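Engineer: Take this structure first; my questions come after.
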Amino acid sequence: MRKQIAAANWKMNLTYQQAEQLLDEVLNQNIELGPNQQVIFAVPFPYLIMANSEVANMANYHIAAQNCSDKNAGAYTGETSVEMLQSVGIKHVVIGHSERREYFGETAAMLADKLNLCLGAGITPIFCCGEPLPVRENEGQNNYVQQQLVESLFHLSADQLQQVVLAYEPIWAIGTGRTATTQQAQEMHRHLRSVLAAKWGQDVANNITILYGGSVKGANAAELFAAPDVDGGLVGGASLQAAEFSMIIQALKK
Ligand code: PGA
């Protein structure tokens, strides 16, 4: 059975002190999670160990890295390997966020390599996909996002795929305040599930958690998450405010 997940993506925000405070504020709400619900905080690299120790005794609360290297180890100055993340107890990594694809030149082939490294280390990748505005305006979004899956995921076995969480994040909705409508999100999530079903079978497709991302807020989370194929959210801006993010956690389906 698939999970319902509220994932915070802090991006390159917050000092260490601010990060500690925000995490405390959310955790102190003691929001009770069902067995199928998870909260994940994707925090900047220097805060991973602190954050991971804060959630150590909290069932279903996890810390993620926002990225990892596509290389194993070696002379890659400034990179962080999957093995390093694993060695500090990190079990989730965001892969292929549109900002990484756009500003840091990450290609589909690099993302496939990152996925392989994560899966080999027992780390859950949160794999992001989503179309830019001109593609949506030409109604090409279904093919565009399908192609992203084909290029980076289709080499995986069914067992491997079932370790992956997907996040559909239309680029035109990220940080813009312009959320996809619930219908747009549902249509794309259903499409993604049908793409997975055609390749790996309906049972596998039904088991994959698919998050929506792009201007999710406290005020729109419940409606988005109520859509049958939307299994939670990947949240940027609104995850930087404890009250907003807490509302989003509470909007998860039971
Ligand atoms: P946003 O970002 O919630 O600020 O739109 C979402 C994301 O980039 O993951």
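The values are calculated or read from the model by the stated rules, or taken from the named source; none is laboratory data. Everything numeric in this text was worked out from a predicted model, so none of it was measured. FYI the Cβ positions are ideal-geometry reconstructions off the backbone, even for glycines, and counts take in every protein chain you see. What goes into the accessible areas is simple: the full protein's heavy atoms, side chains included, and nothing from ligands, DNA or RNA. Shrake-Rupley method; radii C 1.70, N 1.55, O 1.52, S 1.80 Å.
Engineer: With the Cα gyration tensor of the stretch 99-241 giving a ≥ b ≥ c as the square roots of its eigenvalues, does the rule (a/c under 1.5 for rounded; else a/b larger than b/c for prolate; else oblate) give rounded, prolate or oblate? List each step's numbers first, then the result.
Structural biologist: On the way: a/c = 1.45, a/b = 1.32, b/c = 1.09.
It is rounded, given that a/c, with a ≥ b ≥ c, falls under 1.5.
Engineer: Quick check: at a probe of 1.4 Å, how many percent of the accessible area of the stretch 1-53 sits on carbon and sulfur atoms? All intermediate terms of the calculation are to be shown ahead of the outcome.
Structural biologist: Numbers: 1330 of 2640 Å².
Answer for the stretch 1-53: carbon and sulfur cover 50 percent of the accessible area.
Engineer: Okay, moving on. Keeping all protein chains in the complex and leaving out DNA, RNA and ligands, what accessible area do you get for Arg100 with a 1.4 Å probe, in Å² to the nearest 10?
Structural biologist: 60
Engineer: If you don't mind, another one. Please work out how much accessible surface Lys11 shows to a 1.4 Å probe, ignoring ligands, DNA and RNA, in Å² rounded to 10.
Structural biologist: Solvent-accessible area, nearest 10 Å²: 50 Å².
Engineer: Now for a separate question. Where does the chain land at 222 nm, in deg cm²/dmol rounded to the nearest 500, when only DSSP H runs of n ≥ 4 count, each adding -39500 (n - 2.57), divided by all residues? Don't skip to the answer; put the middle values down first.
Structural biologist: On the way: 12 runs with 109 residues, N = 254.
Value at 222 nm, helices only: -12000 deg cm²/dmol.
Engineer: Could you state how much accessible area Glu20 has, in square angstrom rounded to the nearest 10, with a 1.4 Å probe and all protein chains kept in place?
Structural biologist: Near enough 60 Å² of accessible area.
Engineer: Still on this structure, please answer the following. Looking at the chain only, what percent of DSSP beta bridges run antiparallel? Nearest 5 please.
Structural biologist: Values: 0 of 29 bridges.
Restricted to the chain, the bridges split so that about 0 percent are antiparallel.
Engineer: Right, another one. Give the distance, in whole Å, between the Cα centre of the stretch 52-113 and the Cα centre of the stretch 115-143.
Structural biologist: 15
Engineer: Here is a further query. Return one whole number: the accessible area per residue of the stretch 14-88 in Å², for a 1.4 Å probe.
Structural biologist: Details: 3980 Å² over 75 residues.
That works out to 53 Å² per residue.
Engineer: Determine which residues of the stretch 10-44 fall in the zone a paramagnetic label at Lys254 would reach in this model, i.e. backbone nitrogen under 14 Å from the point 7 Å along Cα→Cβ.
Structural biologist: 32-37
Engineer: Once the piece of chain linking Asn57 and Gln29 is laid out straight, how much longer is it, given 0.36 nm per residue of separation minus the C-alpha distance between them? Present the calculation step by step, with values, prior to reporting the outcome.
Structural biologist: Values: separation 28, 0.36 × 28 = 10.08 nm, distance 1.46 nm.
This chain segment gains 8.6 nm when fully extended.
Engineer: On average, how much accessible surface per residue is there in the stretch 114-254, in Å², for a 1.4 Å probe, leaving out ligands, DNA and RNA? Please report the intermediate quantities before stating the final value.
Structural biologist: Numbers: 5550 Å² over 141 residues.
Heavy-atom SASA per residue in the stretch 114-254 reads 39 Å².
Engineer: Normalising by the residue count of the stretch 110-229, find the relative contact order in percent from Cα pairs under 8 Å and 6+ residues apart.
Structural biologist: Values: 147 pairs, mean separation 33.7, N = 120.
Relative contact order comes out at 28 percent.
Engineer: First check a/c for the stretch 52-109, with a ≥ b ≥ c the square roots of the eigenvalues of its C-alpha gyration tensor; if it is under 1.5, answer rounded, and if not, answer prolate when a/b is larger than b/c or oblate otherwise. Please list the in-between numbers first.
Structural biologist: Details: a/c = 3.01, a/b = 1.58, b/c = 1.90.
Oblate, because a/c is 1.5 or more while a/b does not exceed b/c.
Engineer: Tell me whether the chain comes out rounded, prolate or oblate; compute the Cα gyration tensor, take square roots of the eigenvalues as a ≥ b ≥ c, and use a/c under 1.5 as the rounded threshold. Please list the in-between numbers first.
Structural biologist: Values: a/c = 1.40, a/b = 1.09, b/c = 1.28.
It is rounded, given that a/c, with a ≥ b ≥ c, falls under 1.5.
Engineer: Given the peptides 214-220, 27-33, arrange them by the average over their residues of other C-beta atoms within 10 Å, most packed first.
Structural biologist: Details: 214-220: 21.3, 27-33: 13.6.
Highest mean packing first, the order is 214-220, 27-33.
Engineer: Cross-link partners among lysines for Lys199, C-alpha distance below 25 Å, same-chain residues fewer than 8 apart left out?
Structural biologist: Lys3, Lys114
Engineer: Of all accessible surface on the stretch 66-190 at a 1.4 Å probe, what whole percent is carbon and sulfur?
Structural biologist: On the way: 2790 of 5840 Å².
Reported share for carbon and sulfur atoms: 48 percent.
Engineer: Calculate, axis by axis, the spread of Cα positions in the stretch 1-84 along the three principal axes, and write the results as whole Å, longest axis first.
Structural biologist: Largest to smallest, the principal-axis extents are 44, 36, 20 Å.
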